[in-house]
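Structure first, commentary second.
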Amino acid sequence: MPDYALLAQTLEALCHDETDTVALMATIACELHHGHEMSDWTGFYRVTGPELLKIGPYQGGHGCLVIPFSRGVCGAAARTGQPQLVPDVDAFAGHIACASSTRSELVLPIWNAQGKLLGVLDLDSDTPAAFTQTDLAELTTLMAKLFAKAA
């Protein structure tokens with residue numbers, strides 16, 4: 001598990017006063033990917049149209065380019081506005097296998113302070129049950145701080 005206090009301190013320093021969503025996503029994806037040993041793919045899917053996510057900044061192998069809100073774990077997080085902690089992706093109805101090696105996933109909806117859904121943060125792991133409630137809680141709090149001023 002990452003040292004969330006250190007990760008928060010690092011990201012808050014790197015992202016201080018940044019309002020550009022893509023710049024924030026790129027910086028966060030990089031730091032989080034290298035800071036969470038269980039994440040094999042770390043990135044964002046951006047809201048680019050009605051009920052539509054497109055790949056944003058990420059670290060790891062190729063991801064799916066387009067995900068409708070109606071499909072997959074990322075779509076479920078965007079559609080419901082609720083985090084998705086999935087210990088076994090094979091047990092998630094409608095899971096999209098962007099990488100056949102993925103065994104578990106954590107996806108968080110990302111909003112700015114005005115309540116606009118900007119996208120989702122997606123962490124994939126080749127290990128079953130790689131992510132915890134602590135990951136979910138810590139990352140939810142951190143993302144809210146970092147994206148508060150995003151456009």
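Quick notes on this one:
- Filter result for G63 (in a loop (DSSP other than H, G, I, E, B), within 15 Å of the chain's Cα centre (by Cα), on the phi < 0 side of the Ramachandran plot and not β-branched (V, I, T)): yes
- Selection from region 81-125 of residues that are in contact with a Lys or Arg (Cβ under 8 Å, 6 or more places away or on another chain) and surrounded by 15 or more Cβ atoms within 10 Å (Cβ to Cβ): V89, I96, N112, L118, G119, S125
- Pair list, Cβ under 6 Å, 6 or more apart: region 125-146 residue free of Cβ contacts under 8 Å to residues at least 60 places away in the same chain, other residue surrounded by 14 or more Cβ atoms within 10 Å (Cβ to Cβ) and of a type in the set (K, R): P128/R103
- Tabulated pairs, region 84-97, first at positive phi, second assigned to a loop (DSSP other than H, G, I, E, B) and not small (G, A, S), C-beta under 7 angstrom, 6+ apart or interchain: G94/R71
- Listed by first and then second residue, the pairs with beta-carbon distance under 8 Å, at least 6 apart or on different chains, first residue in region 67-79 and farther than 9 Å from V120 by Cα, second surrounded by fewer than 22 Cβ atoms within 10 Å (Cβ to Cβ) and charged (D, E, K, R), are I67/K54; P68/E51; F69/E51; F69/R79; S70/E51; S70/R79; R79/E51.
Here is a yes/no grid of residues against (1) under 20 Å from A97 (Cα atoms); (2) out of contact with any Pro (no Cβ under 6 Å at 6 or more places or on another chain); (3) of a type in the set (V, I, T); (4) crowded, with 18+ Cβ neighbours inside 10 Å:
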site: Q9; (1), (2), (3), (4): no, yes, no, no
site: D17; (1), (2), (3), (4): no, yes, no, no
site: I28; (1), (2), (3), (4): no, yes, yes, yes
site: H34; (1), (2), (3), (4): no, yes, no, no
site: S39; (1), (2), (3), (4): yes, yes, no, yes
site: T48; (1), (2), (3), (4): no, yes, yes, no
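- If the condition is being of a type in the set (V, I, T), touching a Phe, Trp or Tyr at 6+ places or on another chain (Cβ under 9 Å) and farther than 26 Å from F147 by Cα, then region 73-123 contributes only T102.
- Any hit, region 46-58, residues being in contact with a Phe, Trp or Tyr (Cβ under 8 Å, 6 or more places away or on another chain), modelled with pLDDT of 95 or more and either in a loop (DSSP other than H, G, I, E, B) or of a type in the set (D, E, K, R) (or both): yes
- The set of residues in region 16-45 that are in a strand (DSSP E or B), of a type in the set (S, T, N, Q) and under 18 Å from L117 (Cα atoms) is empty.
- Of all the criteria given as (1) under 17 Å from A77 (Cα atoms); (2) in a loop (DSSP other than H, G, I, E, B), the one not satisfied by D135 is (2).
Yes/no matrix, rows are residues, columns are (1) farther than 23 Å from P2 by Cα; (2) in a loop (DSSP other than H, G, I, E, B):
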| residue | (1), (2) |
| --- | --- |
| I67 | yes, no |
| G75 | yes, no |
| A93 | yes, yes |
| Q114 | yes, yes |
| D124 | no, no |
| F131 | no, yes |
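- Between F44, F131, the distinction of being crowded, with 16+ Cβ neighbours inside 10 Å, over 15 Å from F147 (Cβ atoms) and among the aromatic types (F, W, Y) belongs to F131 only.
The values are calculated or read from the model by the stated rules, or taken from the named source; none is laboratory data. Bear in mind that the values here come from a model prediction, so they are computed numbers and not experimental data. Neighbour counts are summed over all protein chains in view; Cβ atoms, including those assigned to glycine, are modelled from backbone coordinates with ideal geometry.
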